[in-house]
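The values are calculated or read from the model by the stated rules, or taken from the named source; none is laboratory data. As the structure is a computational prediction, the values presented were derived from the model and not from experiment. As a convention, Cβ positions derive from the backbone with ideal geometry for all residues, glycine included, and neighbour counts pool all protein chains shown.
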Amino acid sequence: MEATVAERGQITLPKAVRDALGLTKGSVLKVELEGSRIVLRKSVDDAISRARGRFKLDGFASTDEAMQAVRGRAAAEEGEGGAEGTGEA
């Protein structure tokens, strides 16, 4: 497949490429140079990527500290609420 560079540096991606990647008007592509090659990558924009870094760890100094606290609570709850702790079998 080929694409021709227009006067203002624009190209039109072939329809087969747009369809295969699900590209529509407004889709964002990452442009990278690899030696003499131009690499276009579809920008992955999902809910997790958009949310990354937006939440604060209230009361914790680090993610590790928060994870230890959560895991510690889960282990304690298993010991209290499991079948062994209730007398039921």
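With the condition kept exactly as written, say whether any residue in the stretch 5-19 is part of a loop (DSSP other than H, G, I, E, B), touching a strand residue (DSSP E or B) at 6+ places or on another chain (Cβ under 9 Å) and at pLDDT 85 or above. Walk me through it before giving the result.
From the stretch 5-19, those part of a loop (DSSP other than H, G, I, E, B) are 5-14; that's our starting set.
If we keep only those that are touching a strand residue (DSSP E or B) at 6+ places or on another chain (Cβ under 9 Å) as well, we get 13.
Now narrow it down to the ones that are at pLDDT 85 or above: 13.
Taking every residue of the stretch 5-19 in turn, at least one turns out to be part of a loop (DSSP other than H, G, I, E, B), touching a strand residue (DSSP E or B) at 6+ places or on another chain (Cβ under 9 Å) and at pLDDT 85 or above.
For the stretch 31-60, a residue qualifies if it is within 15 Å of the chain's Cα centre (by Cα) and modelled with pLDDT of 85 or more, and exactly one does: Arg41. Screening the candidates Ala76, Ala89, Ala66 for the property of being at pLDDT below 90, exposed (fewer than 11 other Cβ atoms within 10 Å of the Cβ) and not in a loop (DSSP other than H, G, I, E, B) yields one hit, Ala76.
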